[in-house]
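The values are calculated or read from the model by the stated rules, or taken from the named source; none is laboratory data. It should be emphasised that the depicted structure is a prediction, and the values quoted were computed from it without experimental measurement. Cβ placement follows ideal geometry from the backbone for every residue including glycine, while neighbour counts extend to all protein chains displayed. Accessible surface is based on the protein model in full, side chains and every heavy atom, while ligands, DNA and RNA are left aside. Shrake-Rupley method; radii C 1.70, N 1.55, O 1.52, S 1.80 Å.
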Amino acid sequence: MSTPVAKYRQDYVAPAFTTSHIELDVVLDDHQTKVTAVLDIKQLRVGEPLHLDGDKSLKLVELLVDGTPYTDYNRDDEGLTINGIGSCQLTIINEIDPKNNTALEGLYKSGNAFCTQCEAEGFRRITFYQDRPDVLATYTTRVEADKAGYPFLLSNGNKIESGELDSGRHWVRWQDPFPKPSYLFALVAGDFDKLTDSFKTRSGRDVALEIFVDKGHLNRAHHAMASLKKAMAWDESRFSLEYDLDIYMVVAVDFFNMGAMENKGLNVFNSKYVLASPDTATDTDYMGIESVIGHEYFHNWTGDRVTCRDWFQLSLKEGLTVFRDQEFSSDLNSRGVERINNVRILRSHQFAEDEGPMAHPIRPEKVIEMNNFYTLTVYEKGAEVIRMMHTLLGEEKFQAGMALYFERHDGQAVTCDDFVQAMEDASGIDLGLFRRWYSQSGTPQLTVKDHYDPSTQCYELTLTQMTPSTADQSEKLPLHIPVDIELLSADGTPITLKGAESQRNNSVLNLTDVKQTFVFESVASKPTPCILQQFSAPVKLFYDYSDEQLLLIIQKATDEFCRWDALQQLIHKYVRLNVTAYQCQEKLTVPEAFVDVLRAALLDPELDPAFTALLFNLPSTRELIELFDCADIDAIEAVRFWLQTYIAEQLEDEVSALITKATGIDKNELESEQIGWRSLKAQLLKYAAFRNEALIKREYNQAQTMTMTLAALTSANQAQLACRDELMRDFEQKWQHDGLVMDKWFTLQGTYPGNDVLERVKTLMNHPSFSLSNPNRTRSLIGSFCEGNPVAFHREDGSGYEFLSDILRQLNESNPQVAARLVTPLIQFGRLTKNHQSKIKEVLTSLADMDNISRDLYEKIDKALGQFA
Ligand code: B3K
Ligand code: ZN
């Protein structure tokens, strides 16, 4: 294999040709699908050949220029270079083999249905085309297939014609009036059940809504439909954005590499993010559906109407759309809970990405395989960067910026700079320095020191920023960091801020230099600072809090995130101390005040159960590993386990009283109060499992919803109760016919804390419900073991690494995208011991030697091996 080459952001060149319109004709067949593309080619610059991207799997049948066969072209592994043409009509006929397409990119079969996935560069697996986001064309698509097997033939836009053919075949023609890049093309053919509804836009247009699901699953599509209608209404009210076509379709498929895809007017979804009923899906699944349905719908404006100029700009649409879906969930549900959950993901996964070999800015500079850059950095940190702009501008000016962005760029393919420029121009706020967030990678460290002078009643906060160097970038510059603060007096009352007016906007301090001091006046006594309210910037905070200060914040701070985070800091402190104690074979302890604050939360009459649930959800071992430069995983796990059982023992009465109080909450209702109580009860069952096995069995047997069934089963699994195997068998017997439900079971198997878990996982790969060709199954069993069971995965003997390496060899051929996602725990080794690192190096070196290594795995493994140099 030749070494894959990287592309650089700075090398962007506008295309010499564009396609203004494409007539596609797709005659479906399992192994010999015939694709005819008639392209209206416009020359934009003379003197250059036309390059069309085309995968080597495409079989070229015929090429015509203005209706005449044409031969002056070269074909290579990347596509076609056509010489000597200007503006013309180009006709290309080629064949593809969807049934053997196991990579699930381009046109492939999911079960009995045909479907497509074109982002980022999948259209080139369907036909030869300028498969780049800055070529925008209108599409007319004719789809033809056998009528009995494929009664529904779908593509983007509006259905304009259909007809029957001899021999049982039929066809439909679709027309999409909005010019779009090829990555937004979609085609689906199959036999489905269809849920129909409609939405009246605020300007009075009726939009038909259709959700297509596997036959027999119609009753599981209602939540997705309700979520879609909420998303459409929310985008009108919060962003003044209205839907633009007459029809919006969503198709749920079982074989899908990611969550969902925002193809214009025809979203294709992983069935996990569409199908839900109370007996098959948990509250978390319901929330996930609402959020992903929202996300893909919001892309209609931020992504489809205004798209990316090139793939380096991916965060233009993804960061912004994640911000929008987070705001949607926050407006509909609890803002504090939503924020805490998002920060947890960012800290545990995105911060780890920044520290590893794949570190990149939210707008990457260098890419080998674009699919490798649908990352936590581009998505989640990208959303944080948009959120910081929102914090700096405020809602009104931010919305003015959005309006200007659409006014300037509707129908265009643009850059992240264009977005920031619109925000700056509309608000009059200087974002010059702020733009560095787009080009600088890494997690900034924010160190805070303070000084109180009782004689002048002045309180000084000194903020220092420093971004450690990353694998991709050694030099770092200061950033514009919005730091939202609250000062608490000794009894926990918030202090009105006076002073430092020129350096702040209300409670948001503008940190723009390496070091800045903010002086607050008329402060009667030494305050406790709550720093980073709502996690106002994606940074690591260092401030030397006393236990008393943290306890005060947990109980009195206005901001829920700060309250939750203060508890995390306290937990981190005691995990660190106890890991040392464990290593020295000393007794493990936490102060009484720590248990008392948890007790107080349980006894609080005002308690918001969803928030209390977050307090009781201990950080995972994986999260705790991030606290150590060189992590002793077994010690961390032992301390975490001890802490859980210690709290269970100390708070046994309070926990069991609340569990009793939380009866009657297990109904099929999705009201937030019920959801909150269920999430609290689920957390408390994890503690109760160590004290009362009979209770867990009873909860399992009496559960009315999947939320509570899974809560009981998870507790039994984590505490390795004697009834664990029996309950697992019961669940398996009930659900083995249903892959999506079995994913929950496989996840429990993968995260089982028993010593023999790897053997169990290997055996389960032969389970009739398991298949390595289905990405959901692979993630639930293999992914959960590698990512969610650090003790077993990082076993000293390297058996976990060998196991993953065998799986990667198989997936490298069949589905490189899934392989490249699974490899993550093998490349983020910076905090592991030398012994672990050397075992990982061996495994990665041998993977890198595979003859046919995919670009996806090559890019990540090559970078990871570079870290050893
Ligand atoms: N835009 C798609 C992701 C495509 C990933 C390609 N490997 C889904 C989303 O972010 O909405
Ligand atoms: Zn997206």
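A 1.4 Å probe run over the protein chains yields, for region 700-744, 41 Å² of accessible area per residue, whole-number rounding. The residues of region 369-451 expose on average 33 square angstrom of accessible surface per residue, using a 1.4 Å probe on protein heavy atoms. Of the peptides 448-455, 683-690, the ranking by mean beta-carbon count within 10 Å, highest at the top, reads 683-690, 448-455. Within the accessible surface of region 192-274, defined with a 1.4 Å probe on protein heavy atoms only, the carbon and sulfur portion equals 50 percent.
Evaluating 6.51 cos²θ - 1.76 cosθ + 1.60 at θ = phi - 60° for every residue in region 19-31, the Karplus couplings come out as 10, 8, 8, 10, 9, 10, 9, 10, 9, 7, 7, 3, 10 Hz, glycine and proline recorded as x. Using the rule -39500 (n - 2.57) for each DSSP H run of four or more residues, divided by the residues of the chain, the 222 nm mean residue ellipticity is -12000 deg cm²/dmol.
The calculated FRET efficiency for the pair residue 205 and residue 40, based on their C-beta separation and a Förster distance of 41 Å, comes to about 0.90.
Label reach from residue 813 (point 7 Å along Cα→C-beta): in region 831-865, amide nitrogens under 19 Å belong to 846-858. Packing, as the average of other Cβ atoms within 10 Å across residues, places the peptides 567-579, 604-616, 10-22 in the order 567-579, 604-616, 10-22, highest first. Per residue, region 135-261 exposes 36 Å² of accessible surface when a 1.4 Å probe is rolled over the protein heavy atoms with every protein chain present.
Applying 1/(1 + (r/R0)^6) with r as the Cβ-Cβ distance of residue 433 and residue 240 and R0 = 41 angstrom yields a FRET efficiency of 0.90. Annotation for residue 653 and residue 159: the two label points, set 7 Å from Cα along the Cα-Cβ direction, are 6.7 nm apart. Relative to the current alpha-carbon distance between residue 89 and residue 229, full extension at 0.36 nm per residue lengthens the span by 46.3 nm. Going through the cross-link list 449/573; 109/381; 317/573, which pairs have a Cα-Cα distance over 29 Å in this structure? 109/381; 317/573, as the Cα separations exceed 29 Å there. Loop-located chymotrypsin sites (Phe, Trp or Tyr not before Pro) in region 775-855 (DSSP state other than H, G, I, E, B) with a sparse environment of at most 11 neighbouring Cβ atoms within 10 Å are absent.
Judged by a Cβ-Cβ distance under 4.7 Å, the unpaired cysteines of the chain are 88, 115, 118, 308, 416, 458, 584, 630, 723, 786.
Compared with the direct C-alpha span, the chain from residue 755 to residue 222 gains 187.7 nm at full extension, assuming 0.36 nm per residue. Summarising the label geometry, the points placed 7 Å from Cα in the beta-carbon direction at residue 32 and residue 81 lie 3.3 nm from one another. Per atom type, region 411-477 shows carbon and sulfur on 46% of its accessible surface, probed at 1.4 Å.
For the pair residue 525 and residue 634, label points projected 7 Å from Cα toward Cβ lie 4.9 nm apart. Within region 131-277, antiparallel bridges make up roughly 75 percent of the DSSP beta bridges whose residues both belong there. Could you look at region 679-777 and say what percent of its accessible area is carbon and sulfur, using a 1.4 Å probe and all protein chains? Reported share for carbon and sulfur atoms: 44 percent. On the basis of the beta-carbon distance and an R0 of 41 Å, residue 193 and residue 722 show a calculated FRET efficiency of 0.45. Counting only residues at least eight positions apart within a chain, or on another chain, the aspartates and glutamates with an alpha carbon under 14 Å from that of residue 194 are 210, 214. Ordering 76, 304, 193 by accessible surface, largest first, gives 76, 193, 304; the 1.4 Å probe counts only protein heavy atoms, with every chain in place.
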